[in-house]
Amino acid sequence: MGNHTILGTDPPAAPRPAEIRHTRLTHPSSPKNQLHNDMTEQERIMQLREALHHHNHLYYVENQPAISDYEFDQMMRELQDLEAAHPEMADPNSPAVRVGSDLLSDFKQIPHKYPMLSLGNTYNREEVADFYRRVSEGLGGADFDICCELKFDGLSISLTYENGRLVRGVTRGDGVTGDDVTANIRTIRTIPLVLPDRQDIPQSFEIRGEVLMPWKSFETLNEERERKEEPLFANPRNAAAGTLKNRNSQVAAHRKLDAYLYYLLGEDIPRESHYQNLQTARSWGFKVSEATKLAHSLEEVYAFIDYWDTQRRNLPVATDGIVLKVDNIRQQEILGYTAKSPRWAIAYKFQAERACTPLREVTFQVGRTGIVTPVANMEPVLLSGTIVRRASLHNEDILRKFQLRPGDRVYVEKAGEIIPQIVGVDPHRAAPETTPPIGFPLTCPECGATLVRYEGEAARYCPNSSACRPQLKGRIEHFISRDAMNIECLGPETVDDYFERGLLPHQDAADLYLLTESDLLGTNGCREKMAQKIVESISRSRNVSFDRVLYALGIRFVGKVAAKSLAKHFRSMERLSHANHDELMCVEGIGTTIADSVVDFFSEPRHLDFVARLAAAGVQMSMPDEVKLSDKLSGKSIVISGTFHHHSREEYKALIEKHGGKNVSSISGKTSFVLAGEGMGPAKLAKAQSLGIPILQENDFLALLNE
Ligand code: IVH
């Protein structure tokens, strides 16, 4: 990020749909989506279906959309119109009659008691007026109110409460069946787990809403990922989806999701006013948006839309439109449903902000791990109040998809209004089709080494990790970063400067510890006070714990979590550096990829030299011995299985060690006992029983320690 400037002027008007209609949508693995004049409408239907199936999959299943929602909706509308004109082409499997699926096989699938429908979309006032008219006609001209709400851009979720307690949280899935993500849902602090003891709360009900990642959490998460060179999430919606479907609920807890609820349903809920129900739900402890308003006329609906079209920028979460719902629930019942959506509600989508600007060139950036990323450099253009000059093209496949030539006019959209993305190219090309498009270089733009592409990966790497300058600098930047050595007074620019001045003779981070105040005087106008602060802040990092030192080394695939487990298991650099593949594989959470990478790292003399110089500088090379609480478990080998109420598995493991016990991963004749939580695997249970190994429940175990 950091490639845009904040300006105080208004952005130019977004291009009208007609201008961007034929934005190229081709993708190497997707069907072409250009409307050829010689194509029949029937052929176009087939083409659109194929493209929509593909993008549907990218969006719902992989959470990796390749086109904007607007483009998707445009294609869907075109398909719906063509299908209406060609009833002979009807197909029950057409993407136009399906609601999309985000089913993941790893979560238990739960059928929805009431189907989770989607909403019809509108894009302008006329379409909103059409909806209003249809409702009025459907109600035989009776009066009605419209409940106006924000359309939150996250993941829809259905929560079931029984006897005042949350029993289940299920994703929309295909609308009929969803994934049971209760464990992750429980980590969302704004979702009540237990409701107050009140007469008006039905014994059983569902409440639906949207799980979101607030902008703030999203930015923090992406900054963290940028540092670790992990792919960034394009917008908070994808980040929320990735989080909710993570099998490890600790990830969800860490990433701080939020949820707004907007629909109460069940047999025993009040049937008068939807708006009133939301207020009631709020009084039960649910987070219901304050931006919910009853409109008594079309004018009041427009006023709501106009207000939020600009004000939504000040909200802590992403919104992509407005939802309009007929307020009276009996009237909702009269209006009913189509196969896909209610007739009593509609979404109004805000225009995604986009701009069109000529491409200057594509440059290729080399990161710390050697990944080469194509970056589009464009004529500066205003987009949502910031100037955009650069947009990542991510990888070779995406670069190829656009077939770019210098001077081509590209459409840039701010995905989630943060990271600019190229979403298409003006079909009136700057250069003739015979000019070859910009291709991916075969050699590293920085050091000239031949690039490599590993099987199954979209990225190309520069393999010259020992001498390619941006890789060397990137590793030093990683070393000083907050989660690593946290050397606060240094940043990427200072590192770059020291590097270029030759202040770091070995071209690695160990040289930082040899810097003196006089070395720094004069660099970047640095004066005595500053020089002193920098040297002190480098020096302070000598106290950073061993697990973070390990992370700071920048061993490929060794993130913070892996570094922690390795540090805990081996306890010193000495032991870790001598560990072989099999020994590494015994560590919880370490698989072949990490094990290979660690072995590779310590087999290189220059890495050993780097580590030795860090040790000589006084950086922590081991974990202090853990505090012993007792010897109660001394000599015992304990297997942990299942999930627990009072402590996490990790906490129990630590507890076992602190009481002198040993954690082992599989049951054998030598196992002293099994600490069993809920859902212990049947195979484990059978094995323990056949070997006559005692099984302790959580409370028995805690009692044993407290004796
Ligand atoms: S009501 C039967 N209200 O938009 C009506 N949906 O395109 C159910 N959404 O799947 C939906 N904010 O994920 C409703 N205030 C809101 C909403 C909202 C966001 C999402 C929801 C739904 C999609 C429909």
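Things to note:
- Among the residues of region 111-144, those identified as surrounded by 14 or more Cβ atoms within 10 Å (Cβ to Cβ), assigned to a loop (DSSP other than H, G, I, E, B) and away from the ligand (no atom under 16 Å from the Cβ) are Leu139, Phe144.
- Each residue in region 448-472 was checked for being without any contact (Cβ under 8 Å) to a residue 60 or more places away in the chain and at negative phi, and 10 of them qualify.
- Residues within region 192-212 that are out of contact with any Leu (no Cβ under 6 Å at 6 or more places or on another chain) and within 16 Å of the ligand (Cβ to nearest atom), tallied: 4
- Condition check for Arg542: touching a Gly at 6+ places or on another chain (Cβ under 6 Å) and surrounded by fewer than 16 Cβ atoms within 10 Å (Cβ to Cβ): yes
- Residue-level check: of (1) at pLDDT 90 or above; (2) at positive phi; (3) away from the ligand (no atom under 16 Å from the Cβ), Leu399 misses just (2).
Condition check ((1) among the aliphatic types (A, V, I, L, M); (2) farther than 19 Å from Phe107 by Cα) across all residues:
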{"residue": "Glu162", "(1), (2)": "no, yes"}
{"residue": "Leu166", "(1), (2)": "yes, no"}
{"residue": "Thr171", "(1), (2)": "no, no"}
{"residue": "Gly178", "(1), (2)": "no, no"}
{"residue": "Ile191", "(1), (2)": "yes, yes"}
{"residue": "Pro196", "(1), (2)": "no, yes"}
{"residue": "Gln199", "(1), (2)": "no, yes"}
{"residue": "Gly209", "(1), (2)": "no, yes"}
{"residue": "Leu212", "(1), (2)": "yes, yes"}
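- Matching residues, region 586-607, being surrounded by 14 or more Cβ atoms within 10 Å (Cβ to Cβ) and outside any loop (DSSP other than H, G, I, E, B): Ile594, Ala595, Asp596, Ser597, Val598, Val599, Phe601, Phe602, His607
- In region 330-355, the residues that are more than 9 Å from the ligand (Cβ to nearest atom), at pLDDT 85 or above and of a type in the set (A, V, I, L, M, F, W, C): Ile334, Leu335, Ile346, Phe350, Ala355
- Of all residues in region 145-169, those satisfying the criterion of being more than 16 Å from the ligand (Cβ to nearest atom) and either of a type in the set (A, V, I, L, M) or part of a helix (DSSP H, G or I) (or both) are Leu166, Val167.
- Among the candidates Val388, Val412, the residue that is modelled with pLDDT under 95, touching a Ser or Thr at 6+ places or on another chain (Cβ under 7 Å) and surrounded by 18 or more Cβ atoms within 10 Å (Cβ to Cβ) is uniquely Val412.
- Enumerated helices (runs of 4 or more DSSP H) restricted to region 467-522, each holding at least 3 residues that are closer than 18 Å to Tyr551 by Cα: 469-480
- Residues satisfying the stated conditions in region 202-228, i.e. in a loop (DSSP other than H, G, I, E, B) and either of a type in the set (S, T, N, Q) or buried (at least 20 other Cβ atoms within 10 Å of the Cβ) (or both): Gln203, Met213
- Within region 660-687, the set of residues being assigned to a strand (DSSP E or B) and either polar (S, T, N, Q) or in contact with a helix residue (DSSP H, G or I) (Cβ under 7 Å, 6 or more places away or on another chain) (or both) comprises Asn663, Val674, Leu675.
- Qualifying residue in region 575-596 (condition: touching a Ser or Thr at 6+ places or on another chain (Cβ under 9 Å) and within 18 Å of Gln620 (Cα to Cα)): yes
- Just one residue in the set Leu705, Leu655 is under 36 Å from the mean Cα position of the chain (by Cα) and not in a loop (DSSP other than H, G, I, E, B); that residue is Leu655.
- Qualifying residue in region 346-360 (condition: surrounded by 19 or more Cβ atoms within 10 Å (Cβ to Cβ) and touching a Cys at 6+ places or on another chain (Cβ under 9 Å)): no
- Residue list for region 255-268, restricted to those being within 16 Å of the ligand (Cβ to nearest atom) and either within 18 Å of Leu212 (Cα to Cα) or surrounded by fewer than 18 Cβ atoms within 10 Å (Cβ to Cβ) (or both): Leu257, Asp258, Ala259, Tyr260, Leu261, Tyr262, Tyr263, Leu265, Gly266
- Restricting attention to region 280-310, the residues that are out of contact with any Cys (no Cβ under 7 Å at 6 or more places or on another chain) and within 22 Å of Glu127 (Cβ to Cβ) add up to 14.
The values are calculated or read from the model by the stated rules, or taken from the named source; none is laboratory data. Please read all numbers here as calculations on a predicted model, not as lab measurements. Note that we place each Cβ from the backbone using ideal geometry, even for glycine, and neighbour counts take in every protein chain shown.
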